[in-house]
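Right, one structure below, let's go through it.
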């Protein structure tokens with residue numbers, strides 16, 4: 001009887017460890033897909049391609065620009081970025097650094113990304129912002145459902 005109990009405990013332990021490993025692998029895969037969405041935004045920006053920049057967003061995404069303007073939907077996000085890529089940000093470069101990815105549920109994540117922008121308007125200027133993204137997973141695909149961009153102001157009188 002003791003031998004059967006020991007075997008049962010061992011089998012349950014192995015099953016629980018295996019289940020944990022599968023959850024960890026799934027979470028790592030999800031995080032990789034989320035990070036790819038952010039990279040897609042950066043790549044689209046640096047190619048000055050509004051369609052590529054907007055591709056990771058849901059069709060009905062909410063996008064709050066650093067100045068507080070609100071764009072609704074992927075098409076509007078694409079149109080707005082196509083406009084700025086042909087004017088003020090036509091020679092710009094933007095670099096992302098993902099600060100955190102936190103899963104609120106298995107199909108919802110909040111992502112914080114720091115952006116460093118360089119552009120020229122008469123002289124070279126720099127912008128620094130922190131964005132908060134809410135990403136959702138539908139049919140195995142992660143997309144940005146909401147995006148809030150906030151300018152980071154220099155500190156110490158600089």
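Using the structure shown, decide if residue 95 is touching a strand residue (DSSP E or B) at 6+ places or on another chain (Cβ under 9 Å) and under 14 Å from residue 35 (Cα atoms). In short, yes.
Residue 108 - would you say it is more than 22 Å from residue 51 (Cα to Cα), within 15 Å of the chain's Cα centre (by Cα), surrounded by 13 or more Cβ atoms within 10 Å (Cβ to Cβ) and in contact (Cβ under 8 Å) with a residue 12 or more places away in the chain? So residue 108 passes the test. Which residues, taken from the range 56-76, are within 17 Å of residue 131 (Cα to Cα) and part of a loop (DSSP other than H, G, I, E, B)? 56, 65, 66, 67, 68, 69 - these are the residues of the range 56-76 that are within 17 Å of residue 131 (Cα to Cα) and part of a loop (DSSP other than H, G, I, E, B). Taking the conditions exactly as written (exposed (fewer than 15 other Cβ atoms within 10 Å of the Cβ), touching a strand residue (DSSP E or B) at 6+ places or on another chain (Cβ under 6 Å) and either in contact (Cβ under 8 Å) with a residue 40 or more places away in the chain or closer than 14 Å to residue 41 by Cβ (or both)), does residue 61 satisfy them or not? Here the answer is no, as residue 61 does not meet what is asked. Could you please let me know if residue 79 is surrounded by 11 or more Cβ atoms within 10 Å (Cβ to Cβ), touching a helix residue (DSSP H, G or I) at 6+ places or on another chain (Cβ under 9 Å), outside any loop (DSSP other than H, G, I, E, B) and free of Cβ contacts under 8 Å to residues at least 60 places away in the same chain? Yes, satisfied. For the range 82-105, taking the residues that are free of Cβ contacts under 8 Å to residues at least 24 places away in the same chain and surrounded by fewer than 16 Cβ atoms within 10 Å (Cβ to Cβ), the one that is farthest from residue 136 (Cα to Cα) is identified as 87.
Laboratory data are not the source of any read-out in this text; all were calculated from the coordinates shown. Given the structure is predicted, the values throughout are model-derived calculations rather than measurements. As a convention, Cβ positions derive from the backbone with ideal geometry for all residues, glycine included, and neighbour counts pool all protein chains shown.
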